Structures are given as structure tokens and as C-alpha cells.
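A.B. asks: Below is a structure I'd like to ask you about.
The values are calculated or read from the model by the stated rules, or taken from the named source; none is laboratory data. Bear in mind the structure is a predicted one, so any value in this text is a computation, not a measurement. Neighbour counts run over all protein chains shown; Cβ positions are idealised from the backbone, glycine included.
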Amino acid sequence: MARGGRQIYIPKTPTPNGALAKIVGEENAAAIIKLLGSGNVIIPTGNYGGETGRRQRIAALLDQGMSHAEIAAEVDVHVRTVERVAALLSGGRQQDFFL
């Protein structure tokens, strides 16, 4: 099942067993295909909570060794958000935490 921040492929024609049809139903899949056409689409995230809490959760899951994709799904953010947090933690800004 696609979650926010993940990519899904929209086919040229809907199929009952396609990923999109499984999520929204075949009739709705046909309407989406008609509106957007085929191709890859990033599902918007629904997480509008506090940014600090999400970043702390991402940092904790990175410490546990989870992949960026797994963390994005768990925290309901885009994978690029996880990549940005990981870069901040591994980059020169890490020393700012100890000042």
C-alpha cells in the first residue's frame, strides 16, 4: 500500500490488480488516469505535526539502522526529508548539537 512520500506508478490503463486500483478502486483509478495521465507520482504526506518531533524520530530510527525508505514510511514523510536529516546529522552541523 502506498503511503505519503512514496512514489507510485500510474499506468496507461487501469487494471483490477494494479497498485493504483487496489488503493482507490478500479473506477477511481480510471478517473485518476484520465486526469493525470500515466507516469510516476509522489503521494503527498499527511503528516502536519511538529517538525522537531519528526526530526527526532528520524534521527532515532537512523541510529537503529533502518533504511531511508523504511523511515519515511514509518514517520510519514518523504524520503528526501529523511535524507536531509541524515545529511545534517552526518555533516559539519553535527557539532552544533554539543555547543
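A.B. asks: With the structure loaded, tell me whether Asn47 is surrounded by 11 or more Cβ atoms within 10 Å (Cβ to Cβ), at pLDDT below 90 and not in a helix (DSSP H, G or I) or whether it fails that test.
C.D. replies: In short, yes.
Per-residue answers, yes or no, for (1) at pLDDT below 85; (2) within 18 Å of Val79 (Cβ to Cβ); (3) not assigned by TED's automatic domain parsing to the domain that holds His78:
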| position | (1), (2), (3) |
| --- | --- |
| Met1 | yes, yes, yes |
| Lys12 | no, no, yes |
| Thr15 | no, no, yes |
| Ala19 | yes, yes, yes |
| Lys22 | yes, no, yes |
| Gly25 | no, no, yes |
| Asn28 | no, no, yes |
| Lys34 | no, no, yes |
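A.B. asks: Scan the range 59-87 for residues that are more than 17 Å from Pro44 (Cβ to Cβ), in a loop (DSSP other than H, G, I, E, B) and under 13 Å from the mean Cα position of the chain (by Cα) and report the count.
C.D. replies: 1
A.B. asks: While we're looking at this one, here's another question. Out of curiosity, is Leu88 surrounded by fewer than 18 Cβ atoms within 10 Å (Cβ to Cβ) and touching a helix residue (DSSP H, G or I) at 6+ places or on another chain (Cβ under 8 Å)? Outline the logic, then answer.
C.D. replies: Details: surrounded by fewer than 18 Cβ atoms within 10 Å (Cβ to Cβ): yes; touching a helix residue (DSSP H, G or I) at 6+ places or on another chain (Cβ under 8 Å): yes.
Criteria met by Leu88.
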